[in-house]
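Have a look at the structure below before the remarks.
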Amino acid sequence: FISTFILFLQVLFEVKFFWFSFAINFIIMLTQLQQTFPEIKEEIISDVLKWFKQDAEKTKNVLTWLTENTTNLQQQHCLMRLFKYFGNKLGKEAISQTWKNYNQIYNDTLVKLKEICATSDLNESQEENELKINREMCLHILWNILKYPKHIKYRQIHKQALYNYLFQKCYTLGADFEKVLVDMEYHLQYFGFKKENDIWCYQYDYSQLLHLWSCYCYFISEQIMYVYSVVNKTNDINI
């Protein structure tokens, strides 16, 4: 019991010493930053220092930014709140520019930044869907040729059927159909397909299987999360 109690006291002492050192270091950094940024109020400096977990460079960077874009304590609080909310999504420059465009009015800036984020998220989602559609289609085509290299039905793709399938996928996911179609035709040509009237044809060439396998591995690595569903759906798509 005594040894356990002694161990407990040692741990308690180490924890207290750690927090004591942490607090002393925080006070020293806070004092230094107050001297470097006299225009910024102590509570703001303390807030930024805590936000960045006492990372001196990041703290100085944001304090410099606040100095350049604010003139009083209220503005410092407002801009710091905007940075915490949007900093990881938009960056300081976009935030400060919007802040200036809306005459440093917090509510107006907040609304506009939310709109920008919503548009950005929508564009990213659309781009991801376009890539997803193309990758799934490429995996499907490559898998069938690699698995059945001599079966002619897997080496012929009817243009209209491909068009209809991609159009439906784009409509469902809200993707840009024209972009998806152009990218898909580029991939087909890269795989070795040639357009003959209304059909994309791939001439069987054993020496090209390594090239197709390399392409397949590339799409697998790019879209690992979709591999299982794509491979198991290859027989459900007739093109």
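Every read-out reported here was derived from the displayed coordinates using simple, explicitly stated rules and does not represent laboratory data. Everything quoted here is computed from the prediction, not taken from an experiment. Here the Cβ is made from the backbone with ideal geometry for all residues, glycine too, and neighbour counts use every protein chain on show.
Taking a threshold of 29 Å on the Cα-Cα distance, which of the pairs LYS132/LYS153; LYS60/LYS112; LYS84/LYS169; LYS150/LYS179; LYS41/LYS89 fall above it? Could you put the intermediate results ahead of the total?
Details: LYS132/LYS153 24 Å; LYS60/LYS112 27 Å; LYS84/LYS169 37 Å; LYS150/LYS179 31 Å; LYS41/LYS89 26 Å.
Those over the limit are LYS84/LYS169; LYS150/LYS179.
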_Using Cβ counts within 10 Å as a stand-in for footprinting exposure, how do ILE116, ILE45 rank, fewest first?_
ILE116, ILE45
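Sorted from fewest to most neighbouring beta carbons within 10 Å, what does the list MET184, MET29 look like? Mind dumping the intermediate values first?
Details: MET184 21, MET29 17.
So the ranking, lowest neighbour count to highest, is MET29, MET184.
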*asked:* Only sites in a loop by DSSP and with at most 10 other Cβ atoms within 10 Å count here; which trypsin sites (Lys or Arg not before Pro) in segment 49-100 make the cut?
replied: LYS53
*May I ask you to sort ILE220, ILE152, ILE40 by Cβ crowding, counting other Cβ atoms within 10 Å and putting the fewest first?*
ILE152, ILE220, ILE40
*Which value in nm describes the separation of the simple spin-label points at LYS179 and GLN156, placed 7 Å from the Cα toward the beta carbon?*
3.4
*Stretched out fully, how many nm does the piece from CYS217 to TYR106 gain, at 0.36 nm a residue minus the Cα gap?*
35.0 nm
